[in-house]
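Here the structure is laid out as structure tokens; the discussion comes afterwards.
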Amino acid sequence: MESLAPLLSEAYDHPIWKEIGDRCLGCGACTLLCPSCYCFNVQDRLDLNLEGGERVRTWDSCQFDQFTKVADGSDFRSHQADRQRHRFFRKYKYLWEKHQRTACVGCGRCSRECLAQISPTEVLNNLFATQTEPLPETTPGVEYQPQLAEILAVTPLTESETLFRLHRQQPLDFTPGSFMEVSVFGLGEAPFTIASPPTGGNSFELVVRAAGNLTRALHRLKPGENLGVRGPYGNGFPVEEFTGKDLLLVAGGMGMITLRSLLLTVLARREEFGRVTLLYGCRNDESILFRDELLNWHREGLIDVRMAVREAGGTWPTPRGDITLLFRDLNINPTRGIAAVSGPPGMYRFTTPLLLRLGFSEEQLYINLERHMKCGLGKCGKCQINDICVCESGPIFPYSRIKHLREAIEG
Amino acid sequence: MKPRIGFFDFTGCEGCQLSVLNLESEFLELLELVEFVEFREVITGNGGALDIAFVEGSICRDDEVVRLRTIRERSRNLVALGACADTAGVNALATASSPEALRQKIYGCETPLLKTFPPSPLSDFVDVDARIPGCPIDGREFLAVLQALLMGRPPELPAYSLCVECKLAELPCTFEHGEICLGPVTRAGCDALCLRGGDRCRGCRGLIDAPRSAPYRKILEQNGLSVDEILREFRTFNVIDKGRS
Amino acid sequence: MKIEVRHLTRIEGHAHLIVDLDAGEVRDCRLEVVESPRFFEGMLVGRHINDVAAIVARICGVCSNSHTLVSLAASEAAMGIEISNQTKRLRRLLAYGEILQSHLLQLYFMAIPDYLGVNSILPLAKTRRDLVSRALRLKKMANTLCQCIGGRAVHPVTLRPGGFATLPTPAALQAVRKEMVAALPDLEATVDLFLSLPVHPFERETEYFSLAPESGYPLFGEQLISSDGVDLPVQDFRDGVKEYLVPHSTAKFARLTRNEFMVGPLARYKNGAARLSPMAKQVSKALGLTLETVNPYHALRARLVEVVHCVEEAIHLIDETLINGLSDETPAFDIKEGRGCAAVEAPRGTLFHCYEYDESGCIIKADCIIPTGQNLGNIEADLRALVPQLLELPREEMTLRLEALVRAYDPCISCSTHLLKIDFV
């Protein structure tokens, strides 16, 4: 579903609208039968004595001749092709963008009752077929086939986490927050967020925590060896929209990996952004990722880094407490700010209200909602949160877009 | 003074005037609202100047043209009442063969009263201020048009097709049980009465302003109709299609 | 003296009444039917069986149900289609509704003003509101019945060859029944009203023609009878009823044994009074109607007797329908070539349709004979006989008498497959 809005935004001038417009009878059956169509007209019905009456809502439809007509006779969607296009745009793009929900429940009543046999499924599939990038090969299943990437460097970060620098034949194009599917033959495949910034080059970095069979196998690999990669997948932070703004980054545990990609992107063009503040909470001193790197940037005045750990007794004098501690004494002007939050879902339950209370709007607050994005292609369903697939429309979302999803943060 | 209205009829079945009389529940209130000064079917007498003349029936003889023009002259508004007056309705079927041939066939001879021309809508001879389509008219629509004229605004007819009312009535598409239906190109406003009654739409309310003829014809052809059969379908009530709006 | 009533009012359709008197001699006396001819029989040629009833209904708004019923019966006869008892019951109910609709409209809206000294019922809305309200209530009751069975009061939509496309719901039937029972006091009041109105004296015996009362008071049937001894199967009606054209009329006139004959309520009454419902018999007695009457003005009272008969019978028939229950029947039949004739007693008299179909189910030839056409000759004969008896009356009074006579026949000229008109010269 979430792929339809971008699909349609490219398809305004597509010949398919004329094709179905010429077939359409303009009878409005599609909209009248649609469980979610609600456009209406307002009419006055007079009593017979012309002295009283009632004002009533009556059903209307964007497919009708009169729908967009105005008093001087102008008609803003005068051809049936315009009206059909509008129907699709409203269903799958406009209302999606407005409410983050599609106006199609997939019941099929409109297709079933259409005398002209206009079927949204066919129309959208047709648009996909003519608009999406052709696949490099047409072999079925090719999208699941990994490419080889060579390990350039292996840097242990903590006891269990290691940074891999990889290189593959094809350059990578992505936004901070995107992820790669990484596989070891025979042991399986898993998604890993990209820890390096998008440079347009062929190398990239991943952080792997040894936890299961696959990750332990990855840890055993040495520079010069190969592993399998697919991607990058997903949508990251819209960095261009952040320029000129103050950035408040909030990281919890491994959530730092995602924000590192964003931080490095920002630092590469530091002068285009306002103040950058990073709040970073971890379990203990030992689990802090990229500590030296972060402190160097702090010392150089590039960013303002504040950390907190929950367990005492570490090597460094890091303040003790959970991440909410760091929200005290924050000097933030939220009107020109962006908040980017990346951590475990449990953390969002606390940070989101705090950020909103600070004055960030729902559109200014970006959240990383990583799930087990098994296929990365919007197909397997494992990363689905209610009605969306994280791999296709996330994992980075403005809060306004996911706040209605009960499975996103709750529970 | 109450607005004065009159009813007149030419060639037709008088079912539309009857539909006005059938507004039993509203009739007494209607008498309070307007004065019925002429209504040949139930009133003896002639009414002089009228605010609204409702005229039923088609025109198919010279003496009818003369009478229609006299009615027009003494009426501030003239309304075509029903399909026959509006589009010549079912009468226009007579156009399918020549009046001479029909006359010979039915009456077997010629007399002056039988001298007719093809049944024509009122608008071929006089200005028509408003129209109430349908065979017969819908009493509620008659009241709505009357009210509009009394309020001094042009009456509006639904511009959309009958499919709308059929769908809102949650009826299955007539094409689904293998019958041809004129609903997709016929003006709504009858609340899909025939379809509710298990019949198909025969198009008595005339075509919508912008019927999608090309795609509709394609659908009829897909349903196995030949050109002749398609024409026959349209020829029950829509022999004369003037693409009026 | 010349009396001309151009566009006779309070009848359906266009006719002039013309009487020309020269020193007490009737020089001319005719009912000129000037309604434009409509050529329905020609329009039907080439039409498919599924379209025929819907087209012929448009012959007449007032008796569209009768035209529909007879048309379906003729088509069914042509193709040998059997109809179920349920369909028969429902169609009979619709036929009752049709007679009620038409008779009540005629009695209250067209006839009564002649006797109350008004030009229409409408001014009575102020002075006799009870009467007008009662008229509207009764008319509504009749329309509700037609609507319940046919889907619409004028030009029904639920009927199709072989049966019904949609059945009335039991709840709707019960509601109609309730309305009809509630109408009984209104009928009593109507009888009282008519008892208070004079019956103009006039007698002229003629031939009385209707369907035979084989299975009840004449309504549907296969056999035709007349007071002159005609006994004819419906399918051979052309052997008995001969149509002819007169120069002053666009309606066809007809003759039977004599030069003219009568159809309609009075003819049915005379042929079938024995089969009236108990209540109708009582009303007939109260109204002083006897089998011996030869006064055409009595048609009004016969009409009222039929109203009572139809209400009583319809109530019983609704009960019978509800007891038997309504079940969906899909009308299915094979299209084949054939010829079929049928007749029903429409409000104004016997209505005939006769069709010939080709093998694709399209009409080759259609023939419709309308009651008013059959009455036209009789109306003119009555006028010729009546005028000399009225010479003493002032002209206005005389005109009114003559108009009232024509209205007693309730001529329906809209049925102008064949047509009619009246001029007094």
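The values are calculated or read from the model by the stated rules, or taken from the named source; none is laboratory data. Just so it is clear, the model here is predicted, and its values are computed rather than measured. Every residue, glycine among them, receives a Cβ derived from its backbone with ideal geometry; neighbour counts consider all protein chains shown.
Quick notes
- Residues being under 14 Å from A:L248 (Cβ atoms) and in a loop (DSSP other than H, G, I, E, B) - total across segment A:329-376: 10
- Looking across segment A:48-71, just one residue is within 12 Å of another protein chain (Cβ to nearest Cβ), surrounded by fewer than 17 Cβ atoms within 10 Å (Cβ to Cβ) and among the acidic types (D, E), and that is A:E51.
- When residues of segment B:1-16 are limited to those that are part of a loop (DSSP other than H, G, I, E, B) and more than 10 Å from chain C (Cβ to nearest Cβ), the one farthest from C:T68 (Cα to Cα): B:M1
- Of the candidates A:F204, A:F192, A:F179, the single residue that is touching a Ser or Thr at 6+ places or on another chain (Cβ under 8 Å) and without any contact (Cβ under 8 Å) to a residue 40 or more places away in the chain is A:F204.
- Residue check for B:L171: within 11 Å of chain C (Cβ to nearest Cβ), touching a helix residue (DSSP H, G or I) at 6+ places or on another chain (Cβ under 7 Å) and surrounded by fewer than 24 Cβ atoms within 10 Å (Cβ to Cβ): yes
- Looking only at segment A:82-101, and only at residues there that are closer than 13 Å to A:E2 by Cα and basic (K, R), the one that is surrounded by the most Cβ atoms within 10 Å (Cβ to Cβ): A:K91
- Qualifying position, being more than 11 Å from chain B (Cβ to nearest Cβ), among the hydroxyl-bearing types (S, T, Y) and more than 30 Å from A:N386 (Cβ to Cβ), among A:S74, A:S3: A:S74
- Check on C:S284, crowded, with 22+ Cβ neighbours inside 10 Å, under 24 Å from C:A183 (Cα atoms) and among the small types (G, A, S): yes
- Unmet requirement for B:E38, which otherwise passes all of (1) modelled with pLDDT of 90 or more; (2) in a strand (DSSP E or B): (1)
- Within segment C:170-181, the set of residues being in contact (Cβ under 8 Å) with a residue 24 or more places away in the chain and either within 14 Å of chain B (Cβ to nearest Cβ) or of a type in the set (K, R) (or both) comprises C:A172, C:R177, C:E179.
- Selection of segment C:134-161 for residues being assigned to a helix (DSSP H, G or I) and facing chain B (nearest Cβ under 7 Å) yields C:L136, C:K139, C:K140, C:N143.
- Among residues of segment A:370-390 being surrounded by fewer than 15 Cβ atoms within 10 Å (Cβ to Cβ) and either charged (D, E, K, R) or modelled with pLDDT of 85 or more (or both), the one that is farthest from A:L4 (Cα to Cα) is A:K382.
- For segment B:17-31, filtered to residues that are in contact (Cβ under 8 Å) with a residue 24 or more places away in the chain and facing another protein chain (nearest Cβ under 7 Å), the residue that is surrounded by the fewest Cβ atoms within 10 Å (Cβ to Cβ) is B:E26.
- Restricting segment B:174-200 to residues that are more than 8 Å from every other protein chain (Cβ to nearest Cβ) and more than 20 Å from the chain's Cα centre (by Cα), the residue that is surrounded by the most Cβ atoms within 10 Å (Cβ to Cβ): B:T174
- Residues satisfying the criterion are present in segment B:136-145 (criterion: touching a helix residue (DSSP H, G or I) at 6+ places or on another chain (Cβ under 8 Å), of a type in the set (G, A, S) and touching a residue at least 12 places away in the same chain (Cβ under 8 Å)).
- Considering segment C:208-245, the residues that are in contact with an Asp or Glu (Cβ under 9 Å, 6 or more places away or on another chain) and without any contact (Cβ under 8 Å) to a residue 12 or more places away in the chain include one that is surrounded by the most Cβ atoms within 10 Å (Cβ to Cβ), namely C:L232.
- Tally, over segment C:245-295, of residues that are of a type in the set (K, R), assigned to a loop (DSSP other than H, G, I, E, B) and either within 21 Å of the chain's Cα centre (by Cα) or at pLDDT 95 or above (or both): 1
- Being in contact (Cβ under 8 Å) with a residue 60 or more places away in the chain, assigned to a strand (DSSP E or B), on the phi < 0 side of the Ramachandran plot and touching an Asp or Glu at 6+ places or on another chain (Cβ under 7 Å) is a condition met by no residue of segment A:152-165.
- Scanning segment C:1-38 for residues that are more than 14 Å from chain B (Cβ to nearest Cβ), modelled with pLDDT under 80 and under 21 Å from C:T250 (Cα atoms) gives no hits.
- Residue in segment A:95-108 that is on the phi < 0 side of the Ramachandran plot, at the interface with another protein chain (Cβ under 10 Å from one of its Cβ atoms) and not β-branched (V, I, T) present: no
- Selected residue (criterion: nearest to the chain's Cα centre (by Cα)) from residues of segment B:41-72 that are surrounded by fewer than 20 Cβ atoms within 10 Å (Cβ to Cβ), over 22 Å from C:S36 (Cβ atoms) and in contact (Cβ under 8 Å) with a residue 12 or more places away in the chain: B:D51
- Residues in segment A:19-41 that are among the polar types (S, T, N, Q) and either assigned to a helix (DSSP H, G or I) or more than 34 Å from the chain's Cα centre (by Cα) (or both): 2 in all.
- Selection of segment C:109-122 for residues being of a type outside the set (S, T, Y) and either more than 22 Å from C:G150 (Cβ to Cβ) or not in a helix (DSSP H, G or I) (or both) yields C:M110, C:A111, C:I112, C:P113, C:D114, C:L116, C:G117, C:V118, C:N119, C:I121, C:L122.
- Scan of segment A:253-292 for residues that are outside any helix (DSSP H, G or I) and closer than 17 Å to A:T351 by Cα, ordered by number: A:G253, A:M254, A:T277, A:L278, A:L279, A:Y280, A:G281, A:C282, A:R283
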